[in-house]
Amino acid sequence: MASLPLPTLVQNAALLLAVAVVFDLVSSRISIVRPRAEEALTGLLLGVIGISIMLSPWQFASGIFFDTRTVLLAVSGLFFGAFPTGIAVVMMIAFRLTQPGAAALTGIIGMLLAAALGLAWRRRSRPLEDLTFPHLLAFGVGAHVVVLGQASLALLLTVPALAPAAIAGLWLPLLTVYPVATALLGVLLVVRLRARRLTDVNARLRREVEAQLEEVRASRARIVEAGDAERRRVERDLHDGAQQRLVSLSLELRVARNAVGDDADPAVRRTLERAADEATAALAELRDLALGIHPLILTESGLGAAVESLADRSPVDVTVDVGPERYPTAVEGAAYFVISEALANVAKYANATSARVRVRPFDDHMTIEVEDDGVGGADPRSGSGLSGLRDRLAALDGTLAIDSPNGRGTRLSAMIPTNQPTTA
């Protein structure tokens, strides 16, 4: 006859902690229907842990063993459900049958009873993650009062000579250790379940936020595309309407000026000349306005030709390194206006003698660099032009950066996501 050895209790407790590892593998799917293969694997793991516990018992007398298997099965029934617990029970009963002893039947009935009590408690309305230490301790006390009561009765019937000593010597220690072990293991699993639930909630919220952000990005891109389409329409209307009328008016005024001849009233000649000059100036201003809205050359010939046109009109010597690739309309429009604004700033503020524009295509994005040899010191936070460009690029998931040290020129860099470019 032996008392409860502390090393054996510690070893059993360490094996019970392995249940938390198994729980981590499946807790993300608690309370939903798991595939049978996963449940079977869980049951096998629990069965292996149970057999390991049974290999480290303390022996009260010949054929009478005690260990923490009932703690494992009660917690398993509560947290893992019927199918995994059933597999574990079958494995542990099969192993117990290989161990001779008068109390084998008592041990088997105790295992079945512990698992059944855990499954019965699982059917309560309270969610598992809401269980607290007092709830779990009450469960452990109730379950082991029943299990130990059954064991005592079975011992009285099967080994009446040893039963009184076993009951008197082990009831109080076991009823102290087993419920506390049940509650502590249950609390550990509840904490892990809450953490996993929180992780799942965070992941779901992250997916929802990402979906909303994606919708916002798509909406911004549609707004930019709609704005570009409206710009192109206005530019076509100006080109086909007002510009053509001004061209015709300018030509008619020139013809009228030539028709009156040199013998006409000088005042009339001067009036016709001023009218023709005004018409020519108005035409130039209208063309500049149309270019600012959306240049026709960008639509017809692409980014390279449009940037060459910008360079030709710039008062600063501009070197252009832009290939013939074509991009989606929104991308070409954004790139054009970035370069246009950058060159306008070079001409207005940089006091530069030269500038360079380079565009590089990649598989999924394009890069833009505009550099000058001016005085530098540009403040990217000032002015509405750069802010507007940032907003425009952000709508396409693009970025804009400016490096402008004093006395060393300015470098503007932009990145715009795009599809694989195609050669015109």
How long are the semi-axes of the equivalent ellipsoid of region 300-423, defined as square roots of 5 times the Cα gyration tensor eigenvalues? Whole Å, largest first.
23, 16, 12
Could you size up the charge dipole of region 300-423 around its Cα centre, putting +1 on the beta carbon of Lys and Arg and -1 on that of Asp and Glu, and report it in debye to the nearest 20?
280
Can you tell me which of 296-306, 249-259 comes out highest on packing, and rank the rest after it, using the mean Cβ neighbours within 10 Å?
296-306, 249-259
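Computed from the coordinates by the stated procedures, all read-outs in this text should not be read as laboratory data. Computed from a predicted model, the values in this text were never measured in an experiment. Cβ atoms come from the backbone with ideal geometry, glycine included; neighbour counts cover every protein chain shown.
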